[in-house]
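Report on the structure given below.
The values are calculated or read from the model by the stated rules, or taken from the named source; none is laboratory data. Quick caveat, the model's predicted, so the values are computed rather than measured. Neighbour counts are summed over all protein chains in view; Cβ atoms, including those assigned to glycine, are modelled from backbone coordinates with ideal geometry. Ligands, DNA and RNA are excluded from the accessible area calculation, which covers all protein heavy atoms including side chains. Shrake-Rupley method; radii C 1.70, N 1.55, O 1.52, S 1.80 Å.
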Amino acid sequence: MGVLYDYFRAPDDEAVAKLMAAVDGGPVVRAGDSPVADAVDGAAIDPAVVLGKVVAIALDVPWSTDLVGDRLVWPEGVAQDREYEGPWVVVLGERARDALAGIPDDRLPDLAERWSRVEELSYYSDTQPEVMLSRLREFVGLARRARANGEYIYCWICL
């Protein structure tokens with residue numbers, strides 16, 4: 001099945017801890033259920049690499065592992081536990097949020113086409129440019145709503 005990623009917005013780490021308690025550690029996106037947060041099903045899009053690649057493309061900078069600036073925020077104390085296998089939540093840096101939120105709509109098709117060609121997505125069958133355009137619109141929309149509300153983007157990750 002692989003790793004699961006749900007992206008959502010929240011005002012702070014404390015709100016994330018409360019959300020994780022309310023959903024028994026996740027997931028945040030639940031098929032058929034009422035939404036528990038403004039969220040995007042990230043499928044195989046991890047924050048540092050695959051999402052980081054579209055952020056790099058949008059900013060016209062080289063991709064690097066720290067470009068997204070993600071930081072572990074939940075559960076508390078697992079950063080030093082090498083045996084812990086998840087789930088966990090990271091917060092994306094404001095630079096990544098603002099880069100996504102700032103992408104003009106007319107740039108989305110070109111960025112999605114370029115994003116669909118990143119090596120890490122070549123292993124999946126549903127990464128055609130039109131699919132990635134839809135995914136990019138979801139991420140951009142989430143980032144815009146987060147920025148407009150003074151919130152952050154978080155990513156729930158589960159092995």
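General observations
- Checked against the criterion of being at pLDDT 95 or above and more than 26 Å from residue 30 (Cβ to Cβ), the candidates 64, 122 yield just one match: 64.
- Cross-chain or 6+ apart pairs with Cβ under 7 Å, region 81-92 first and among the charged types (D, E, K, R), then open to solvent by 20 Å² or more (accessible area, probe 1.4 Å): 85/159
- Within region 3-44, being open to solvent by less than 50 Å² (accessible area, probe 1.4 Å) and more than 21 Å from residue 75 (Cα to Cα) holds for 43, 44.
- When region 125-142 is filtered for residues that are assigned to a loop (DSSP other than H, G, I, E, B) and either surrounded by 15 or more Cβ atoms within 10 Å (Cβ to Cβ) or charged (D, E, K, R) (or both), the ones remaining, listed by number, are 126, 127.
Every residue, every condition in (1) among the hydrophobic types (A, V, I, L, M, F, W, C); (2) open to solvent by 60 Å² or more (accessible area, probe 1.4 Å); (3) touching a Leu at 6+ places or on another chain (Cβ under 8 Å), yes or no:
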residue: 56; (1), (2), (3): yes, no, yes
residue: 68; (1), (2), (3): yes, no, yes
residue: 90; (1), (2), (3): yes, no, yes
residue: 99; (1), (2), (3): yes, no, yes
residue: 102; (1), (2), (3): no, no, no
residue: 114; (1), (2), (3): no, yes, no
residue: 158; (1), (2), (3): yes, no, yes
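- The listed residue being under 27 Å from residue 106 (Cβ atoms), more than 13 Å from the chain's Cα centre (by Cα), aromatic (Phe, Trp, Tyr) and surrounded by 12 or more Cβ atoms within 10 Å (Cβ to Cβ), out of 74, 63: 63
- Criterion applied to 24, 33, 6, 13 was being of a type in the set (Asp, Glu) and under 21 Å from residue 137 (Cα atoms), and the one residue passing it is 6.
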